[in-house]
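> I have a structure here, written as structure tokens, and I will follow up with some questions on it.
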Amino acid sequence: MNVFFRLTAVSLVSLLPLHASAGEVEVLHWWTSGGEKRAVDTLQQLIEKQGHTWKDFAVAGGGGEAAMTVLKTRAVSGNPPSAAQIKGPDIQEWGELGLLGNLDEVADEQGWDRLLPPQVVDVMKYQDNYVAVPVNVHRVNWLWINPEVFAKAGATPPNTLDELFAAADKLREAGYIAIAHGGQPWQDATVFESLALSILGPQEYHKAFVDLDSKVLSGPGMVQAFSALAKLRGYIDADAAGRDWNGATGLLIDGKAGMQIMGDWAKSEWTAAGKVAGKDYQCVPFPGTQGDFTFNIDSLAMFLLSKGENRRAQEDLARTVMGSEFQEIFNKNKGSIPVRLDQDMSSFDACAQRSMADFREAAGNDGLQPSLAHGMAASSYVQGAVFDVVTNFFNDPKADPERAARQLAAAIAAVQ
Ligand code: BGC
């Protein structure tokens, strides 16, 4: 064998995957903020450790609208990725298209039926087969507070909507941005659904956003929720338009703003900045929603694959995501709580512990409700209709709350 041939043979061997069945996983997601990236990197590392190749398919844009558009284009051209961040009722829509694979073998082996809350199992299955693996449980109805800013302004953490506006007044008088917000439709809807939950309570919230009951959608509670949204607009700074959610979190971290209304992925930014829950920042349930829990479960749906080794890599991806090691390190970085009911929470921070306690409690009554703004409650068409009405209202200082509530009911009826 000449030298050239030997060298080539050696380098080819070193290029071979670590084990014979190593394959590639291409994963579409929208975890692109500093904190989110740290979280998803942990998954990439665990996959690569098993010899597989990770092909990152990150599409920036909070809330995932842009990612879903790109995914549809790829799927239409017959070339979907192995896995994609698809959530809630959308999983059923993709299942109906016949594009999703079957994860039952991995699910049986790991006992997913036993490890997961039944509400989660239902969402991950299409026609009784697992087609997606759940990653985490995010809570949406949180209020984030910078305690130092609060102390300087003489404000106290609010428990009611009146107290929220009183704290906002103090913060504004002291020269701070009272409420850090980014002007994007999904962020407007995130704030709106927490206001609606606070005013309507969980049962009426359910009638509105899950049952799509037009009486509740256009009723007095919803009118009040729009009025509260209009009031809240007065506490947001003039540069909010187009700002990303993590930019808004940054305003709190930098001590420029006092509060942010956002799901607990906001915590990923605090964690990435080396800040400690309960000390550098506080999480309180959104005023008037104590004990309630609007959930947002991230999941990776798996597409049908033809290549055996990529199929095995895909199964390893699912197996890894449900594994305790991933559930712990990912969720600590992501701000969410583990989806496994048997996970040891002792090393998680104060916000995660509170989230888990409230999740368990809310699951025992009507307090556990799906987030509309994050695609858990209704189809993407309904979600889009709500985004349009809420954002148009939010951007028009003269808009009338009663008219907005009527428009909400009409827009939802039109897409059903
Ligand atoms: C997703 C989170 C993500 C957030 C911001 C939500 O819809 O569920 O995982 O961190 O959007 O992009």
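> Of the residues in the range 396-415, how many are more than 20 Å from Val382 (Cβ to Cβ) and touching a helix residue (DSSP H, G or I) at 6+ places or on another chain (Cβ under 7 Å)?
Residues that pass the stated criteria total 3.
> Tell me the helices (runs of 4 or more DSSP H) entirely within the range 23-131 that contain at least 2 residues that are at pLDDT 95 or above, hydroxyl-bearing (Ser, Thr, Tyr) and assigned by TED's automatic domain parsing to the domain that holds Thr320.
Output list reads 65-76.
> Can you find a residue in the range 175-195 that is under 29 Å from Lys332 (Cβ atoms) and away from the ligand (no atom under 16 Å from the Cβ)?
yes
> What is the number of the single condition among (1) within 16 Å of the ligand (Cβ to nearest atom); (2) not assigned by TED's automatic domain parsing to the domain that holds Ser198 that Gly323 does not meet?
The single condition Gly323 does not satisfy is (1).
> Same structure, new question: Only residues that are closer than 12 Å to Phe295 by Cβ and either in the same structural domain as Val123 (by TED's automatic domain parsing) or within 11 Å of the ligand (Cβ to nearest atom) (or both): list them for the range 374-385, please.
His374, Gly375, Met376
> Just give me the residues in the range 270-280 being free of Cβ contacts under 8 Å to residues at least 60 places away in the same chain and touching a strand residue (DSSP E or B) at 6+ places or on another chain (Cβ under 8 Å), in sequence order.
Listed by number, the list holds a single entry, Lys275.
> Can you go through Ser306, Ser346 and tell me which one is among the hydroxyl-bearing types (Ser, Thr, Tyr), away from the ligand (no atom under 16 Å from the Cβ) and farther than 24 Å from Ser82 by Cβ?
Ser346
> OK, next. So which residues in the range 149-200 are within 27 Å of Pro370 (Cβ to Cβ) and outside any helix (DSSP H, G or I), if there are any at all?
Listed by number, the residues that qualify are Pro157, Pro158, Asn159, Thr160, Ile179, Ala180, His181, Gly182, Gly183, Gln184.
> So, one more: Inspect the range 275-298 for any residue being surrounded by fewer than 24 Cβ atoms within 10 Å (Cβ to Cβ), farther than 30 Å from Ala228 by Cβ and either at pLDDT below 95 or small (Gly, Ala, Ser) (or both) and give the result as yes or no.
Scanning the range 275-298 turns up no residue that is surrounded by fewer than 24 Cβ atoms within 10 Å (Cβ to Cβ), farther than 30 Å from Ala228 by Cβ and either at pLDDT below 95 or small (Gly, Ala, Ser) (or both).
> So, in the range 331-381, how many residues would count as being closer than 28 Å to Thr32 by Cβ and aliphatic (A, V, I, L, M)?
11
> Here's another thing I want to ask about it. Being loosely packed, with under 15 Cβ neighbours inside 10 Å and either of a type outside the set (Lys, Arg) or under 24 Å from Asp280 (Cβ atoms) (or both) is the requirement here; does Glu148 meet it?
Against the criterion (loosely packed, with under 15 Cβ neighbours inside 10 Å and either of a type outside the set (Lys, Arg) or under 24 Å from Asp280 (Cβ atoms) (or both)), Glu148 qualifies.
The values are calculated or read from the model by the stated rules, or taken from the named source; none is laboratory data. This is a predicted model, so every value here is computed, not measured. FYI the Cβ positions are ideal-geometry reconstructions off the backbone, even for glycines, and counts take in every protein chain you see.
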